[in-house]
1. Looking for something assigned to a helix (DSSP H, G or I) and either over 21 Å from the mean Cα position of the chain (by Cα) or in contact (Cβ under 8 Å) with a residue 40 or more places away in the chain (or both) - is there at least one such residue anywhere in the stretch 211-219?
2. Return the residues of the stretch 116-138 that are in a loop (DSSP other than H, G, I, E, B) and free of Cβ contacts under 8 Å to residues at least 12 places away in the same chain; say none if nothing qualifies.
3. Could you grab the pairs with beta carbons closer than 7 Å, sequence gap of 6+ or different chains, first residue in the stretch 158-183 and assigned to a helix (DSSP H, G or I), second one of a type in the set (Gly, Ala, Ser)?
4. What number of residues within the stretch 184-210 are outside any helix (DSSP H, G or I) and of a type outside the set (Lys, Arg)?
5. I'd like the full set of residues that are surrounded by 16 or more Cβ atoms within 10 Å (Cβ to Cβ) and more than 17 Å from Ala133 (Cβ to Cβ), limited to the stretch 158-185.
6. Mind telling me which of the residues Asn155, Asn222 ends up being in contact with a helix residue (DSSP H, G or I) (Cβ under 6 Å, 6 or more places away or on another chain) and surrounded by fewer than 22 Cβ atoms within 10 Å (Cβ to Cβ)?
7. Look through the stretch 67-95, keep the residues that are at pLDDT below 85 and either among the hydrophobic types (A, V, I, L, M, F, W, C) or touching a His at 6+ places or on another chain (Cβ under 7 Å) (or both), and return whichever of them is surrounded by the fewest Cβ atoms within 10 Å (Cβ to Cβ).
8. Read through the list (1) surrounded by fewer than 19 Cβ atoms within 10 Å (Cβ to Cβ); (2) more than 30 Å from Leu298 (Cβ to Cβ), then give the number of the only condition that Lys230 fails.
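The values are calculated or read from the model by the stated rules, or taken from the named source; none is laboratory data. From a predicted model like this one, the values you see are computed outputs, not experimental measurements. Don't worry about glycine lacking a Cβ; one is built from the backbone with ideal geometry, like all the others, and counts go over all protein chains shown.
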Amino acid sequence: MQLSGANELLYAAKASYLYKAIKTKELVDSLKQPTLEKISKKLNIPINEINYQKIQDNIILTDTYSSRSTAVQGPPEGIQKLPSSISPLVKTNWGQDDPYNWAFREENKVDWIRTENNGKKMDALPVGCVNVALAQIMGYTHQKYTPPLTFTLPNSTMTYMPNFIKMTQKASINDLQGQAQMQVQYLMLNFYNMNKTTSKKDWDGAVLESGVSEENMLNTMNKFFKYNPKAPFDGDQVWASLRNNNPVLMLTTNHAFIISGLLITEKASQTRQMVKTNDLYWHANLGWADKNTGYYQLDGNARTFFEAGGVKEWCYKMDCIKNIRAK
């Protein structure tokens, strides 16, 4: 699976030179599937034929704010968190770039990296979404694991024992000190190497993202974790995994991230039943060390659309690996 970089829309805009194509892409990228279905029914237009020209006279801009797909950092104002809620199991908020990939330089894992302004600079390679996700999950699952795990130090045959308790005391690496901070950086490099991570490059050789094949990911997981086989996302099963204190790895065609918590405002027996009268939020960790890690609200059909800062969105139709725990 490949990391979706924050520059993706810039590349799409660069490649799209017709006004109609740009407007159509903006529309399709920004609308949720339920919205498309409503427009199709209301205007009698097949979903695959919806474009900017056909609906522009029906568009009304409002100041109404909705948090159904974008992350909130805690229970929204006025919402009471019930005891049946599950606080995030994974409390770190780690990312792919500096300072998380600092140790990469010690093994000369550097290259020309695409920048936000569409330029390029020589820098350490991005960690990769799978590696960030598995490192954070391990930071939770192996805190009391015995005997302690050992990994190799960068460019060395010497080993170290990660102190996961100290490494995960703070959400950000910037709030850690000394060995705890360095061990987070070492662990990122260890997963990069174990997963045989590769780079996806642009036309000019600049690295766009770091990716891991599913086969390599599962080979690494089999060494350290027990888990249920990959299966289509099911809200009730994910909820059951969280009740067992086991995080869930979400898998899309171009990203991997973690669900490890659930915010509930009232108690009920099934997720589809609960959302009829309650507000529910999955806690998702997207692995970018930013505010996109947070609570994402379920809609009336117990579905969730995970929107990453307006750059990328993944719907509920994805696979996941549940009940991840130490092996």
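1. Within the stretch 211-219, one or more residues are assigned to a helix (DSSP H, G or I) and either over 21 Å from the mean Cα position of the chain (by Cα) or in contact (Cβ under 8 Å) with a residue 40 or more places away in the chain (or both).
2. Listed by number, the residues that qualify are Asn117, Gly119.
3. Listed by first residue and then by second, the contacts come to Phe164/Gly139; Lys166/Ala180; Met167/Gly139; Met167/Ala180.
4. Qualifying residue count, the stretch 184-210: 13.
5. Matches in the stretch 158-185: Tyr160, Lys166, Lys170, Leu176, Ala180, Gln181, Met182, Gln183.
6. Among Asn155, Asn222, only Asn155 is in contact with a helix residue (DSSP H, G or I) (Cβ under 6 Å, 6 or more places away or on another chain) and surrounded by fewer than 22 Cβ atoms within 10 Å (Cβ to Cβ).
7. Of everything passing the filter in the stretch 67-95, Leu82 is surrounded by the fewest Cβ atoms within 10 Å (Cβ to Cβ).
8. Failed condition: (2).
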